[in-house]
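Written out below as structure tokens is the structure these notes cover.
The values are calculated or read from the model by the stated rules, or taken from the named source; none is laboratory data. In this text the structure is predicted, and so the values were computed from the model without any measurement. Cβ placement follows ideal geometry from the backbone for every residue including glycine, while neighbour counts extend to all protein chains displayed.
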Amino acid sequence: MLLDLVIEDQDIGLRRMREGDVAACLCSSPQPVAGARCVPMGSMTYLPLATPAYINRFFPDGLTDHALREAPAIVFGPNDQLQHRFLAQSGFLGPFPHHLCPSSEGFVKLATAGMGYGMIPEIQVQTELKAGILAGIAPGKHLEVQLYWHFWRHSGGAMDRLTQTLVSGNRLVPS
């Protein structure tokens, strides 16, 4: 059984636990699967980011419906709903062009190459933000995602030690 530290759409991470694919997962659902425990781990801030050139090209008038229908987004995978949540929060519910990139490093590389805009964890791109390589397509807007550590109740010593380390303050994300 593998340990899945990927922050996934809650249905995927918990489904993988139920199917026995993983011993633990970090996801946005506070509801544990039967036989598992769930510990709150704080939140992660996701920002809608792109290069300044991309923003000038696709969003010269801001987040308009036209711009959101035309500007390619970057989505982590077919089950990733962060982009959809951000767009809905911005009042846009229509379809949008997008690239799929199931690699967090690749995701940032696509964004910095000007291939699209996407919801990126703020903690992951501090250098790019400070250098002006990436900027917000909607300054002041973000998504705050609450995260929960799910693990099997009787998963053994290694998982108990890992969970205790996480709970004792060495959390994966800032609260």
ask   = Within the bounds of the stretch 128-139, is there any residue that is at pLDDT below 95 and not aliphatic (A, V, I, L, M)?
value = yes
ask   = When you scan the stretch 4-24, how many residues do you find that are at pLDDT 85 or above and of a type outside the set (V, I, T)?
value = 10
ask   = Listed residues L63, L82; which is surrounded by fewer than 20 Cβ atoms within 10 Å (Cβ to Cβ) and either touching a residue at least 12 places away in the same chain (Cβ under 8 Å) or in contact with a helix residue (DSSP H, G or I) (Cβ under 8 Å, 6 or more places away or on another chain) (or both)?
value = L63
task = Residue by residue through the stretch 133-160, note down the ones that are assigned to a strand (DSSP E or B), farther than 19 Å from V108 by Cα and of a type in the set (A, V, I, L, M).
result = L147
key: the stretch 120-142 residues that are in contact (Cβ under 8 Å) with a residue 40 or more places away in the chain and farther than 13 Å from M44 by Cβ, paired with ones that are of a type in the set (S, T, Y) and not in a loop (DSSP other than H, G, I, E, B) (beta carbon under 6 Å, 6 or more apart)   = I133/T112; I137/Y117
